[in-house]
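Participant: This is the structure I have questions about; it appears just below.
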Amino acid sequence: MQLKAPLPLTHLENKNTLPLIKLYFEFAHLKQLYRQGWLKRGVPPARCESVAEHTLGVAVLAMVLADSYFPELDQLKVMRMALLHDFGEIYAGDIMPSDPISRAEKKALEVEAVRQVLGKLPQGERYIALWEEYERQESAEARWVKQMDRLEMVLQASVYEQQGLADMSEFFESVEPFLTEPELRAILQALRELRGKGAPALEDDQESRIDQD
């Protein structure tokens, strides 16, 4: 798994400090953990977003679109779930469906990571419960944030495609079943129309990388 740097928390070994500082050093790992799917499609590391950048995108979309279309949702819960939803990747990493690991193993690693990171906080169990609620998809807020997770992915795919970095057709196809609300499907359709208007040609080195996949 490609990283910008090792886990920052390793720099605090044998150093006594506050739990909040330890948590931030753990969270900072999401800033240097690449979204592995983009790398596999040929996006170079210098242009590849981190998991933390993805999380920010999800939170912004969740806030703006919930305000616009679903004001009945618990906005604070939505924002907290959006900010927490990738915390399992701090230690588990950004595991791809094609990676040689079962869904059960992936889930166990992420649960362990979330408990390790958030369990040290006074309100840690509350945050862990929100993350688990998101994972179980048992509330309207959890289902909304999951759709925002998918919407952010296809929006970023559109960004990379318009920049001429890669053909992102598979991401447009994979997101189709997950965006169920009419307002979100309208956004997806608008993104498809952008593709129809023509994206820049792929950069030469990116064409060669994609052809090798």
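Only the coordinates and a few stated rules stand behind these numbers; no lab work does. As the structure is a computational prediction, the values presented were derived from the model and not from experiment. All Cβ positions, even for glycine, are placed from backbone atoms using ideal geometry, and neighbour counts span all protein chains on display.
Participant: Which helices, counted as full DSSP H runs in the chain, have an axial Cα extent of no less than 20 Å and a Kyte-Doolittle average of 1.0 or above?
Facilitator: Answer set is 51-69.
Participant: Also, I was wondering about something else. Using the crude model of +1 on Lys and Arg Cβ and -1 on Asp and Glu Cβ, and no other charge, please compute the dipole size for segment 121-170 relative to its Cα centre, in debye to 20.
Facilitator: 120
Participant: Would you indicate which of (i) 7, 26, 30, 19, 12, 5, 1, 0; (ii) 8, 30, 36, 20, 6, 0; (iii) 8, 36, 40, 15, 1, 0 is the value of P(r) over Cα pairs in 10 Å bins from 0, in percent derived from the coordinates of this structure?
Facilitator: The calculated read-out lines up with (ii).
Participant: Could you work out the relative contact order of segment 8-212? I mean the mean sequence separation of Cα pairs under 8 Å and 6+ apart, divided by the number of residues, in percent. Don't skip to the answer; put the middle values down first.
Facilitator: Details: 206 pairs, mean separation 42.3, N = 205.
Once normalised by length, the contact order is 21 percent.
Participant: Which peptide among 173-182, 24-33 comes first, and what is the full order, when sorted by highest mean count of other Cβ atoms within 10 Å? Write out the running numbers ahead of the final one.
Facilitator: Working: 173-182: 13.2, 24-33: 17.7.
In decreasing order of mean packing, 173-182, 24-33 become 24-33, 173-182.
Participant: Calculated from DSSP H runs of 4 or more alone, at -39500 (n - 2.57) each and per residue, what is the 222 nm mean residue ellipticity of the chain, nearest 500?
Facilitator: It comes out at -19000 deg cm²/dmol, rounded to the nearest 500.
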